[in-house]
1. For a quick size check, give me the Cα extents of the range 1-154 along its three principal axes, largest first, whole Å.
2. Give me the distance in nm between label points sitting 7 Å out from Cα along the Cα-to-Cβ direction at ASP130 and THR163, one decimal.
3. Over every pair of different alpha-carbon atoms in the chain, take the mean of 1/r and invert it; report that Kirkwood radius in Å.
4. Taking only DSSP H segments of four or more residues, each worth -39500 (n - 2.57), what value at 222 nm results for the chain once the sum is divided by all its residues, to the nearest 500 deg cm²/dmol?
5. Under the Karplus relation 6.51 cos²θ - 1.76 cosθ + 1.60, θ = phi - 60°, what is the ordered set of whole-Hz ³J(HN,Hα) values for the range 235-240, x standing for Gly and Pro?
6. Test of understanding: in a Gaussian network model of the chain with alpha carbons linked when under 10 Å, which of ASP227, ASP190, ASP131 would top the mean-square fluctuation ranking?
7. Using a 7 Å offset from the Cα along the Cα-to-Cβ direction at both THR302 and ALA285, what is the distance between the two label points in nm, to one decimal?
8. Going by how many other beta carbons lie within 10 Å of each one, how would you line up TRP217, TRP231, TRP129, fewest first?
Amino acid sequence: MSGATDAPMRRQAVRFGVPAVVSEMVAGEMLAKARADVVRRTCRHDGGGYWIVQLAARRPEDMLAGAALVADAGVDVIDINMGCPSKQVTGGQSGSALMRDLGLAGEIIDAAIEGAGGRPVTLKMRLGWDDANLNAPELGRIAEDKGVQMLTVHGRTRCQFYTGAANWRAVRDTVEAVSVPVIVNGDIHDAASARKALAESGAHGVMVGRAAMGQPWLVGEIAAALDGRRWRKPALAEQFDSLAEQVADAQALYGPNLGLRMVRKHVSAAVDHLDLPMADAERRALRADLCRIERPAELIRTLKAVYLDRTHEELV
């Protein structure tokens with residue numbers, strides 16, 4: 001979710017009842033150098049919910065420095081990334097590449113726990129590097145022994161990237177190997193898929209990623225369904241208010257020009273999920289028109305026309 005779960009998006013997710021949100025992945029080395037763009041990725045979101053920062057590192061000293069910095073800033077939880085499949089990340093022996101070097105992975109876990117200074121540390125990983133090396137249970141045991149308090153397992157290997165289907169059943173091997181809570185991740189996009197993932201994996205909870213783009217209420221909806229609570233999808237007026245607030249937050253965080261560019265992916269995703277009767281060609285044209293707007297005020301006016309001037313067409 002790099003480039004996606006910034007503070008403006010996390011704020012909206014919390015607004016709609018998400019129990020916990022996680023920052024974009026941040027490189028400990030770059031955070032220690034105080035690069036402005038990297039520091040922004042760790043920003044606390046307004047509202048409730050835990051403030052969780054996800055750190056990646058290829059050297060223990062980088063993880064130690066990054067963890068100490070966010071701990072000093074008051075973060076609630078530090079999450080170690082050992083699951084990112086990106087070639088840019090794994091090429092630097094970080095992310096899921098660490099599943100091929102459990103010795104180094106263990107040293108990085110030790111560094112995160114030391115830097116955290118008593119704050120909870122969690123870890124996210126994949127099933128393994130490839131189908132011949134499904135070592136998530138082994139890494140899970142190492143992490144638990146060192147003090148990691150929760151694990152998240154994406155039901156694919158690194159070499160799968162995001163192709164094929166997540167193998168939720170394979171996550172059960174890690175659930176049964178450790179005593180800490182395990183969260184299942186991958187291909188969870190509604191309450192039905194969440195229930196199936198939990199049943200097949202035996203996990204204690206679910207994590208939702210790409211499916212939440214453009215619909216920040218999704219995780220709150222799933223949480224309500226799993227808890228047996230009633231839930232109502234936000235009406236178009238509330239969806240507009242949320243998106244307008246996200247646009248404004250992006251301006252405040254990044255500045256007017258960069259903020260507009262950064263929020264475009266969220267606006268485009270919101271149009272994809274917009275519950276109005278539109279042909280595919282019309283939806284594509286609307287996305288393109290919105291992403292060409294150069295002034296925030298004009299973007300808000302156009303979004304208001306789309307969401308509010310057509311509320312009588314809302315599907316029930």
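Coordinate-derived values only; no laboratory data. All of these numbers come straight from a predicted model, not from anything done at the bench. For neighbour counting, all protein chains shown are included, and Cβ atoms are generated from backbone atoms with ideal geometry for every residue, glycine included.
1. 42, 30, 29
2. With each label placed 7 Å out from Cα toward Cβ, I get 1.2 nm.
3. 20.3
4. That comes out to -15000 deg cm²/dmol.
5. 5, 4, 4, 6, 4, 4
6. Answer for the Gaussian network model of the chain: ASP227.
7. 1.4
8. With the sparsest Cβ surroundings first, the list reads TRP231, TRP129, TRP217.
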